[in-house]
Amino acid sequence: MATVLIVDDSPTEVHAYQQMLEKHGFDVESATDGETSLKKAEEVKPDLILMDVVMPGMNGFQATRQLNKNPETAKIPVIIITTKDQETDKVWGLRQGARDYIVKPVKENDLISRVQAILGD
């Protein structure tokens, strides 16, 4: 089954996404910040990354950009999940290399359908 790396500094959010994903048969790994996500992505080689934006240290936009610059991780699709709901934020996130952009709070059916849509192509 596909592995999803959840990157979020909120244990509550990580737990919620993990529950949703595992219920649908996904394996889940997690990281609590941008720096850790870069290392974890190289180690685990997840099939997809769910990336928060507002985190201490390296934010999700910066981490997504770094993932896309690294040949080891450039092919891993990233979905940004954030409270930042402005159109300019979405455009910026997609410019950093994200494949999709979801505004919190996330509904389970929406998350799973988007994850499956990206992993299906």
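Given (1) within 21 Å of Leu119 (Cα to Cα); (2) out of contact with any helix residue (DSSP H, G or I) (no Cβ under 9 Å at 6 or more places or on another chain); (3) not basic (Lys, Arg), identify the lone condition not met by Leu67.
(2)
Mind checking which residues of the range 17-53 are closer than 24 Å to Asp110 by Cα, of a type in the set (A, V, I, L, M) and touching a residue at least 40 places away in the same chain (Cβ under 8 Å)?
Met20, Leu21, Leu48, Ile49, Leu50, Met51, Val53 - these are the residues of the range 17-53 that are closer than 24 Å to Asp110 by Cα, of a type in the set (A, V, I, L, M) and touching a residue at least 40 places away in the same chain (Cβ under 8 Å).
Which of the residues belonging to the range 65-87 are of a type in the set (Asp, Glu) and outside any loop (DSSP other than H, G, I, E, B)?
Glu87
Would you mind finding the one in Gln62, Gln19 that is more than 17 Å from Leu94 (Cα to Cα) and outside any strand (DSSP E or B)?
The match here is Gln19.
Among the residues of the range 22-44, write down those that are assigned to a strand (DSSP E or B) and either among the basic types (Lys, Arg) or within 14 Å of Ile112 (Cβ to Cβ) (or both).
Result: Val28, single match.
Considering only residues that are out of contact with any strand residue (DSSP E or B) (no Cβ under 8 Å at 6 or more places or on another chain), among the acidic types (Asp, Glu) and either assigned to a helix (DSSP H, G or I) or modelled with pLDDT of 95 or more (or both), which ones fall in the range 88-121?
Glu108, the sole residue that qualifies.
How many of the residues in the range 1-17 are surrounded by fewer than 20 Cβ atoms within 10 Å (Cβ to Cβ) and either in contact with a Phe, Trp or Tyr (Cβ under 9 Å, 6 or more places away or on another chain) or over 24 Å from Gly57 (Cβ atoms) (or both)?
3
The values are calculated or read from the model by the stated rules, or taken from the named source; none is laboratory data. The shown structure was predicted, so the numbers you read here are calculated from the model rather than taken from an experiment. FYI the Cβ positions are ideal-geometry reconstructions off the backbone, even for glycines, and counts take in every protein chain you see.
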